[in-house]
Structure formats: C-alpha cells, structure tokens
Amino acid sequence: MTQTTTQSSDSRVTMEGISWESYERLLDEVGDGHVRLTYDDGRLEIMSPSGRHELVKKVIGRIIEAYGDEVNIPVQGYGSTTFKSRRRRKGLEPDECYYVQHFEAVSGRIDLNLDLEVDPPPDLALEIDITNASLPRQPIYAAMGVAEIWRYDGNEVTSLHLSQGEAYVEAAASFAFPKLPMGVVSRLVRIGLSSSQPAAVQALREWIRSGKVP
C-alpha cells in the first residue's frame with residue numbers, strides 16, 4: 001500500500017490485490033461519503049478530494065448546466081455516481097458526469113442504479129487533475145465507453161474524445177456542446193475561481209447573448 005498526501009491537495013491511498021467482492025463491500029461501507037474509489041482489476045485507489053478540487057468541479061458543473069439552459073440543450077447530471085462493471089473488473093466515480101446525447105435514456109429515472117451492461121454510460125465526465133492520480137482513470141472510462149472527458153489540469157479545460165473505443169485524444173471542440181469553445185470554458189473557470197460562481201455564469205450568459213456563439 002502506498003499513500004500520497006500533499007497540503008491543500010487530494011489525499012490518495014493505493015492498494016494492490018483487492019478482489020471485486022472487497023471493492024463492492026468497501027463501496028457499501030463508504031456509501032456517499034467524501035471519498036472516491038477507483039478500481040481496475042485488483043488495484044484500488046481511495047482518494048479524498050481537496051476543497052479546491054471540489055470548488056473547480058462545481059464551477060465547471062454550473063457552467064455546463066447554465067449553458068444547457070441558455071441554448072436549450074437538455075442536460076441530465078448524475079454527479080459522482082459510482083459506475084462499475086464486474087465483467088470488466090473496473091469501477092469509478094467521476095468528479096461530475098452528464099447525459100446529453102443520451103438524455104432521453106435516463107430522464108425520468110428516480111434511481112441512480114444505472115447498469116452499464118444495459119444503460120448507456122454518461123456522455124460527458126469531468127476530471128479535475130490538479131494532482132496526479134496513482135491509478136490511471138482514462139483507461140477505465142474508455143472500457144466503459146464514455147465518449148468525452150473534460151479535463152482540468154490546474155489551468156485549462158480540455159475536451160478529450162474517445163477514439164476507436166481505445167484511448168482519448170484532445171479535440172478542439174466538445175462532442176456534447178460543439179458550439180462552446182474550450183477556450184471560453186477555461187476563461188469562465190478562471191472567472192469562477194478568481195471571483196465567484198455566479199460571476200462565471202453571468203459571463204457565460206453575456207457571451208451567449210452577445211451573439212459570439214458560433
């Protein structure tokens with residue numbers, strides 16, 4: 001077992017040789033606690049996100065939701081719901097996730113127990129990569145078929161698209177929101193962090209109403 005802890009950053013513990021049954025028991029014990037579990041074929045990472053981590057994801061989430069409202073794109077958020085596949089021996093909780101293209105497939109669902117053997121994966125997941133994860137998460141997203149990841153590296157937000165079902169490549173535009181440039185998203189995030197979340201949302205609305213949307 002290894003542990004990595006940095007002041008004002010995410011705290012991570014990684015373990016090897018963890019069975020699927022142990023992973024599921026730990027999920028039941030943790031419940032909706034303030035930790036994230038990432039599992040990949042026997043390797044388990046337990047992460048406690050920092051305050052800055054949570055602030056960034058909330059800023060980006062509010063931008064996504066406000067944009068959908070402003071341009072009439074239905075967006076269904078599923079937060080940090082656990083997505084797992086026993087067959088693939090993989091599982092994780094996104095920082096945030098959204099159904100956009102598959103909105104109709106999950107709208108009206110009153111439970112969060114999505115089965116990826118039957119239900120579609122989220123169309124968009126957020127990854128706040130302020131600190132390096134001990135256990136790579138992109139291969140897990142790829143195995144589950146998540147089409148797009150928005151990755152924040154501490155400065156910029158980039159859109160990563162799943163290519164041929166195998167790996168993620170950086171793209172100039174979002175799958176879910178092709179008319180929302182990632183440069184604009186990054187600028188709005190900086191506003192949200194340096195000022196406030198409402199200021200970021202207001203800046204987004206002003207940008208849309210200025211007619212600058214492609």
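Out of Ser50, Ser22, one residue alone is polar (S, T, N, Q) and more than 30 Å from Val201 (Cα to Cα). It is Ser22.
Note on the stretch 141-156: residues that are in contact (Cβ under 8 Å) with a residue 40 or more places away in the chain and under 17 Å from Pro49 (Cβ atoms) amount to 2. Looking across the stretch 76-122, the residues that are in contact (Cβ under 8 Å) with a residue 40 or more places away in the chain and aliphatic (A, V, I, L, M) come down to Leu92, Val100. Filtering the stretch 158-171 for residues that are among the β-branched types (Val, Ile, Thr) and under 24 Å from Arg87 (Cβ atoms) leaves an empty set. The set of residues in the stretch 8-51 that are of a type in the set (Lys, Arg) and open to solvent by 30 Å² or more (accessible area, probe 1.4 Å) comprises Arg25, Arg43.
Kindly indicate whether any position in the stretch 109-123 is in a helix (DSSP H, G or I) and under 21 Å from Phe175 (Cβ atoms). Within the stretch 109-123, not a single residue is in a helix (DSSP H, G or I) and under 21 Å from Phe175 (Cβ atoms). Of the numbered criteria (1) assigned to a loop (DSSP other than H, G, I, E, B); (2) open to solvent by less than 50 Å² (accessible area, probe 1.4 Å); (3) under 27 Å from Ser22 (Cα atoms), the one Ser174 fails is (3).
The values are calculated or read from the model by the stated rules, or taken from the named source; none is laboratory data. All values derive from a computational prediction rather than experimental measurement. Cβ coordinates were reconstructed from backbone atoms using ideal geometry, including for glycine residues, and neighbour counts include every protein chain displayed. SASA here: full protein model, heavy atoms, side chains in, ligands and nucleic acids out. Shrake-Rupley method; radii C 1.70, N 1.55, O 1.52, S 1.80 Å.
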